[in-house]
Amino acid sequence: LEEIDFLQMKREKLFFEYYEKFKDLNLQTIEIPEGVENNFHAFWIVFNSQSQRDLFIKKSNEINIMPYIGYIPLHNSKMGEKVGRTPYPLTHTESISSRIVRLPFYIMNNEEIEYLSSNLLKIAKECL
């Protein structure tokens, strides 16, 4: 149980480091409603366009930081296309999926957290 508490504390630290860095960029990020307990398993941002998101991923990869596309709508997945049916277009879902990116999220030491969060913030500003 002590190990779980330690891991949760490390994930929470990373989450809030990202949150503090990205909150002033006017991009959509995770908001934790009051009274809700979070397991801090991921952090994502939604860019204003797919081209901004793609450039962010490209520039991050160039310095060996690997953010990734974090969401593919079920109806666009291979199985969803095979068996899924939607009576209407899901334009909002598809828009978000084309602009969202998940930031690297694993247990890191303080130097790694600072390196990642600072460099990802710098790159995000360049892409806006």
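Some observations on this one:
- Heavy-atom accessible area per residue - segment 16-78, 1.4 Å, Å²: 64
- In range of the label at Ser51: residues from segment 83-126 whose backbone nitrogen is under 18 Å from the point 7 Å along Cα→Cβ: 95-96, 98-100, 124-126
- Quarter the surface of the alpha carbon convex hull of segment 46-98 and you get the mean projected area, 4.2 square nanometres.
- Positive-end ranking of Ile69, Gly35, Phe16 along the dipole of the chain, with charges on Cβ about the Cα centre, is headed by Ile69.
- Where Lys82, Lys125, Lys13 fall by accessible area, highest first, once all protein chains stay in place (1.4 Å): Lys82, Lys125, Lys13
- Ratio of the Cα radius of gyration of the chain to 2.2 N^0.38 Å, where N counts its residues: 1.17
- Sulfur and carbon atoms: percent of accessible area, the chain [1.4 Å]: 53
- Backbone HN-Hα couplings from phi across segment 44-56 [Karplus 6.51/-1.76/1.60, Hz, Gly and Pro as x]: 10, 10, 10, 7, 6, 8, 5, 5, 5, 4, 5, 5, 4
- Counting only protein heavy atoms and using a 1.4 Å probe, the accessible area of Ser95 comes to about 40 Å².
- From its DSSP helices (H runs of at least four residues, each -39,500 (n - 2.57)), the chain gives a residue-normalised ellipticity at 222 nm of -16500 deg cm²/dmol.
The values are calculated or read from the model by the stated rules, or taken from the named source; none is laboratory data. Keep in mind that what you see is a predicted model, and the values were worked out from it rather than measured. All Cβ positions, even for glycine, are placed from backbone atoms using ideal geometry, and neighbour counts span all protein chains on display. Accessible surface areas use protein heavy atoms only, side chains included; no ligands, DNA or RNA. Shrake-Rupley method; radii C 1.70, N 1.55, O 1.52, S 1.80 Å.
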